[in-house]
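One structure is given below, encoded as structure tokens.
The values are calculated or read from the model by the stated rules, or taken from the named source; none is laboratory data. Please read these numbers as outputs of a predicted model, since none were measured by experiment. Cβ placement follows ideal geometry from the backbone for every residue including glycine, while neighbour counts extend to all protein chains displayed. Keep in mind that these areas ignore ligands, DNA and RNA; they rest on the heavy atoms of the full protein, side chains included. Shrake-Rupley method; radii C 1.70, N 1.55, O 1.52, S 1.80 Å.
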Amino acid sequence: MDYREEQQYEIDALDSIYCGEMTILETSPYYQFQIPVKSDEFDSDEHDIGLSCCLKFEYVEKYPDEPPIVEIEDVVGFEGEEDELKEHLMHKAQENVGMVMIFTLVSAAQDWVNGHSDFAKQKKLDDDDKRREKEMEAELKRFEGTKVTVETFLRWKFNFEEDMGVLKKRNEEEKNKKLTGRELFMTDKSLNESDLKFLEEGDLVKVDESLFEEVAGLDICDADSSDEN
């Protein structure tokens, strides 16, 4: 097999597939090139949306009968997990030894970043749901208050009436109900004053003295004697 020729054919094919995206870094002694990989929803302006990286490939002398050298560069969104992706790609490379495999490896990387992006997105949604549930539970607890029992209600009622002055007024009313008339009279000076006021403001009673003179002229004893006969 002419490995050099085989490699050239693949480079030409990749250039057609990834036109404008693939960057050739070196041609000698073997090709070195980069191909970017991005998750479907990746947004370069919003760094917290999606995943991306750049795959750097380098042919070896007997490629494709030997796997290429693969490096993961310019990682966005899955920093620290580069080795996981590289291991995944090397496993795919071993499965495809003997065949040109760069397109297969790039496709595998594409599926990997999409899967991890979907997982991260779902985790964010789940975390947001849990946060909202906790906020809702906290809000509901604010309205639950204390469980009402007879004892707690009576305690609340007593405190409420005391704060509103109802209890003091009720005690005064109960105290007044137990007073005798004399005690009320002695306690409430307005009763004595009202009598005096009545006497001061009342009309004078005029007496016709002539009526008493006529009565005096009657012989009461004679009237009684005639009744006995």
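Taking each pair of distinct Cα atoms in segment 3-121 once, what is the resulting Kirkwood hydrodynamic radius in Å?
Values: mean 1/r = 0.0681 Å⁻¹.
Its Kirkwood hydrodynamic radius stands at 14.7 Å.
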Subject >> Among Val75, Gln7, Gln34 the positive-end extreme of the charge dipole of segment 3-121 (Cβ point charges) >> reply: Gln7
**OP:** Round to the nearest 0.05 the FRET efficiency obtained for Phe119 and Met99 when R0 = 22 Å and r is the Cβ-Cβ distance.
**Re:** 0.15
Subject >> Restraint check, Lys56/Lys121; Lys92/Lys130; Lys86/Lys124; Lys86/Lys134; Lys38/Lys134, Cα-Cα greater than 29 Å >> reply: Lys92/Lys130; Lys86/Lys134; Lys38/Lys134
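Tell me, what is the per residue accessible area of segment 1-154 in Å², probe radius 1.4 Å? List each step's numbers first, then the result.
On the way: 10120 Å² over 154 residues.
Using a 1.4 Å probe on heavy atoms only, each residue of segment 1-154 averages 66 Å².
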